[in-house]
1. What number, in percent, do you get for the relative contact order of region 1-45 if the mean sequence gap of Cα pairs under 8 Å and at least 6 apart is divided by its residue count?
2. Could you work out [θ]222 nm for the chain from helices alone, using -39500 (n - 2.57) per DSSP H run of at least four and dividing by all its residues? Round to the nearest 500 deg cm²/dmol.
3. Can you compute the charge dipole magnitude of the chain about its Cα centre, using +1 on each Lys and Arg Cβ and -1 on each Asp and Glu Cβ, nothing else charged? Give it in debye, rounded to the nearest 20.
4. Just to check I understand the Karplus step: with θ = phi - 60° and J = 6.51 cos²θ - 1.76 cosθ + 1.60, what whole-Hz values come out for region 30-39, glycine and proline as x?
5. Relative to the longest principal axis of the chain, what angle (0 to 90°, nearest 10) does the C-alpha long axis of helix 58-70 take?
6. Using Cα pairs closer than 8 Å and at least 6 residues apart in sequence, work out the relative contact order for the chain, in percent.
7. Just name one of Thr62, Ala2, Thr23: the one whose Cα is farthest towards the positive end of the charge dipole of the chain (beta-carbon charges, Lys/Arg +1, Asp/Glu -1).
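What follows draws every value from the coordinates through simple rules; no lab data is involved. Predicted model only: the values in this text are computed from it and were never measured. Quick reminder, even Gly has a Cβ in these numbers, built from the backbone with ideal geometry, and neighbours come from all protein chains shown.
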Amino acid sequence: MAEIKFEITKELGVISENAKGWTRELNLVSWNDREPKFDIRDWSPDHTRMSKGISLTEEEMTQLVELFNARDEEDSFE
């Protein structure tokens, strides 16, 4: 299996942390020297290992935020 090259170009924030110290984060990540994308996934404390996640273009992230903000009060988890 080919090695995947990645670079976290900007750490945007931690969403949550599990009992083993891994953090679910929103970052800008360049995969295989491509343009950075918004990326949500779990990372080990030293950022050398990661879980499966999702990468979004700026347009996709904008649409996600718009969908989240437009949800009905009934759709809220509170």
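1. Computed value for region 1-45: 36 percent relative contact order.
2. Computed mean residue ellipticity for the chain: -5500 deg cm²/dmol.
3. Here the chain has a charge dipole of around 540 debye.
4. 9, 9, 6, 6, 8, 4, x, 10, 5, 9
5. 30
6. The value is 20 percent.
7. Ala2
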